[in-house]
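Right, one structure below, let's go through it.
The values are calculated or read from the model by the stated rules, or taken from the named source; none is laboratory data. Remember, predicted model here, so these are calculated numbers, not experimental data. Ideal geometry is used to build each Cβ from the backbone, glycine not excepted, and the neighbour counts take in all protein chains shown. The protein model used for the area step is the full one, side chains on, heavy atoms only, and it has no ligands, DNA or RNA in it. Shrake-Rupley method; radii C 1.70, N 1.55, O 1.52, S 1.80 Å.
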Amino acid sequence: MALISPSEKDFITKGIEADMRNDGRSRIAYRDFTIETGIVSQASGSCRLRLSKTDVLIGVKVEIGDIISNTTSDNNNEQEQDIVNNQNESDKGRIVCSVECSPSASRDFEGKGANDINNELSQIMNRVLNGPQGGIDLKSLCIIPGAQCWIIYVDVLVLDYDGNLLDTIFLATRAALQNTRIPKTEIQDIGNGQLEFDISDDIEDAEKIKGWEDVPVTVSLNKIGQKYIVDATAMEELCTDTKIIIAVNRNGEICAMQKSLYGSLNPSLLTEMIRTAKDIGKVLIKNLDTTLEHEQVMASRANNKKFGFFI
Amino acid sequence: MSSGLDLLSPEGLRIDGRRANELRRVNCKTGILVQADGSAYIEQGNTKCIATVYGPREPSHKNLQYHDRASINVEYSIATFSTSERKQRSKMDRRFIEIANIVKQTFETAVITSLYPRSQIDIYLQILQIDGGALHTSINAATLALIDAGIPMKEYVCACSAGCVEDTPILDLNYFEENNFTPTLTVAVMPNSGKISTLVSESRLHLDKFEPVFNLAVSGCKQLHSVFDDVIRKSTTELANRVMEKQKE
């Protein structure tokens with residue numbers, strides 16, 4: 001990423017101390033975001049979310065796959081094996097996330113430079129979304145127990161970067177999952193216990209993903225100096241010594257937590273941070289849902305014509 | 001070629017309703033991203049591409065440092081969700097490296113690299129959706145992004161593809177046409193001087209048909225040139241107006 005000088009670092013730290021950040025925000029103020037859904041026509045669901053200058057594009061595809069459980073661990077797909085290692089049920093579908101940071105966001109992402117960050121972000125997403133805390137009803141993705149299920153592929157493309165990538169990705173994922181439609185399947189019994197299914201071609205029949213409302217968003221808190229801030233910009237991230245990532249769902253329940261970077265922090269500060277994250281997370285989800293509803297109303301008014309993307 | 005009839009109806013219309021010498025709808029915009037020095041987004045039909053340009057700046061590797069000119073580095077990748085079937089591909093895919101190389105060679109002739117010795121210009125291409133003509137869309141996007149970045153070029157580089165169905169040359173092939181054994185020719189030209197900077201054909205094309213197909217592709221490039229020139233002029237005028245307003249204040 002960009003470089004920072006000691007005096008710049010000092011300026012930012014002192015600003016945060018005084019509750020006045022470089023862009024005029026207070027410590028716990030979030031930047032505004034804009035959202036567009038349903039813009040990638042060949043995907044089952046999509047979303048482009050811009051949090052100030054951080055810009056992510058998500059394409060969700062649903063595909064039919066075999067149910068993998070520990071009992072039938074003869075598959076060689078390591079990534080997917082990882083996801084199912086924690087679960088032993090044969091009646092659940094799964095979500096496979098992959099993040100790709102495009103070099104358009106930063107030169108550091110050129111070639112294999114983005115591998116580490118791609119892997120880290122994908123792993124967090126997979127972990128949060130595939131557990132019971134992920135919100136999505138994985139059982140509803142099952143088509144024939146023990147045999148076949150829907151797999152939701154969430155592919156994230158990071159186009160531009162100005163801090164707080166993880167929160168942006170989670171917000172966008174929630175919106176993209178809201179936008180996703182899964183075709184309806186009909187199961188038929190073809191005798192002697194054998195099951196077969198048909199996929200409906202009718203777009204009208206396609207259903208929303210069950211439980212998208214309970215998908216959590218993350219709130220990343222950065223400790224700079226003695227204080228902490230939410231929604232750090234790229235410059236502020238360079239001053240951060242400790243980062244806490246907290247995933248919160250719409251009921252204000254904590255779904256995941258992770259500390260990163262090299263600093264340490266007091267348990268009392270941690271409790272305070274968790275409380276802040278919980279409040280902010282709830283507000284964020286509310287804002288996101290209102291924006292999504294508003295967008296849907298606008299889309300139906302304009303006869304479903306999207307003037308989206310970059311034009 | 002048995003599928004020829006399907007590709008071109010007796011009325012002379014193609015599958016997507018275009019005439020043989022008609023381009024797909026073109027939409028483009030420059031300056032869409034903030035981190036980069038220059039960026040552009042282009043839509044040619046359903047093929048969508050983002051190009052970002054960084055530089056001229058210090059080379060990432062010592063061996064890319066030339067004492068008399070800037071080196072151009074191109075990276076090409078396609079989004080996982082860009083095709084109808086989801087496919088995760090490594091950045092090191094040989095096909096991608098090949099395309100990146102073609103783009104690089106195209107711009108080595110067009111960019112005045114001798115102005116920036118010991119530096120590097122990066123062009124990153126990201127395909128968001130594929131519907132045929134990924135190569136020429138990439139070249140067009142890169143041209144716009146380079147102009148947006150203010151990198152001196154001799155002139156625009158405009159690229160277009162053309163093919164041949166039965167005896168009729170067709171312009172700007174879509175995915176279906178490209179994959180139906182249609183001989184395809186991708187041409188990049190510098191429209192003012194008329195010089196060719198890239199010529200790629202990956203299939204068999206009869207010598208007698210080469211000239212009409214080639215001429216059609218060049219005419220497509222010229223049409224695209226006027227579209228791009230309009231967009232660039234418009235965005236530059238806007239920029240100039242904004243600067244003037246700032247100065248008045």
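What to note about this one:
- For chain A, the 222 nm mean residue ellipticity estimated from helices alone, with every DSSP H stretch of n ≥ 4 adding -39500 (n - 2.57) and the total spread over all residues, rounds to -9500 deg cm²/dmol.
- Kirkwood estimate for the protein assembly as shown, i.e. one over the average of 1/r between Cα atoms, Å: 25.8 Å
- Two-site FRET efficiency, A:Ser5 against B:Glu245, from Cβ-Cβ distance with R₀ of 35 Å, rounded to 0.05: 0.60
- When the alpha carbon gyration tensor of region B:26-105 is reduced to an equivalent ellipsoid, the three semi-axes, largest first, read 26, 18, 11 Å.
- Only protein atoms count toward the accessible area here, which uses a 1.4 Å probe; on the protein assembly as shown, the carbon and sulfur part of that area reaches 48 percent.
- Taking every DSSP beta bridge that has both ends in region B:11-125, the antiparallel portion is near 75%.
- Computed from point charges on the beta carbon alone (+1 for Lys and Arg, -1 for Asp and Glu), the dipole magnitude for region B:3-248 about its Cα centre is near 820 Debye.
- Alpha-carbon centroids, region A:221-271 and region B:39-62: separation in whole Å: 34 Å
- Span from the region B:205-242 Cα centroid across to the region B:96-137 one, whole angstrom: 17 Å
- Computed per residue of chain B from DSSP H runs no shorter than four, each worth -39500 (n - 2.57), the mean residue ellipticity at 222 nm is -11000 deg cm²/dmol.
- Think of a 1.4 Å ball rolled over the protein heavy atoms: the protein assembly as shown then has 47 Å² of accessible area per residue.
- Dipole magnitude of chain A about its Cα centre (Cβ charges: Lys, Arg +1; Asp, Glu -1), debye to nearest 20: 1200 debye
- Positive-end ranking of A:Val154, A:Ile143, A:Ala234 along the dipole of chain A, with charges on Cβ about the Cα centre, is headed by A:Ala234.
- Estimated buried accessible area (total), pair A and B, 1.4 Å, Å² to nearest 100: 2900 Å²
- Dipole magnitude of the protein assembly as shown about its Cα centre (Cβ charges: Lys, Arg +1; Asp, Glu -1), debye to nearest 20: 1660 debye
- Counting only Cα atoms, the size of region A:166-311 along its three principal axes is 65, 47, 25 Å, in decreasing order.
- Where the Cα pairs of region A:81-219 fall when distances are cut into 10 Å bins, in %: 11, 36, 30, 17, 5, 1
- Contact with the other protein chains removes 10 Å² or more of accessible area, compared with the isolated chain and a 1.4 Å probe, from these residues of region A:138-187: A:Tyr153, A:Asp155, A:Leu157, A:Leu159, A:Asp160, A:Tyr161.
- Values of log10 I(q)/I(0), in the order q = 0.21 Å⁻¹, for region B:12-160 under a Debye, Cα-only, solvent-free model: -1.32
- If you wrap chain A in the convex hull of its Cα atoms and look at it from every side, the mean projected area works out to 18.2 nm².
- For region B:101-249, a Kirkwood hydrodynamic radius built from all Cα pairs, placed in the Stokes-Einstein relation at 10 °C and 1.306 mPa s, yields a translational diffusion coefficient of 95 µm²/s.
- In region B:91-134, the C-alpha radius of gyration followed by the widest Cα-Cα span (Dmax) gives 12.8, 38 angstrom.
- Alpha-carbon gyration tensor eigenvalues x 5, square-rooted, for chain B, Å: 32, 21, 18
- For region B:190-201, backbone phi angles converted through the Karplus equation (6.51, -1.76, 1.60; θ = phi - 60°) give residue-by-residue couplings of 9, x, 6, 7, x, 6, 8, 9, 9, 9, 10, 9 Hz, Gly and Pro being listed as x.
- Amide H contacts under 5 Å for A:Gly38, placed H, 5+ residues apart: A:Ser46, A:Cys47
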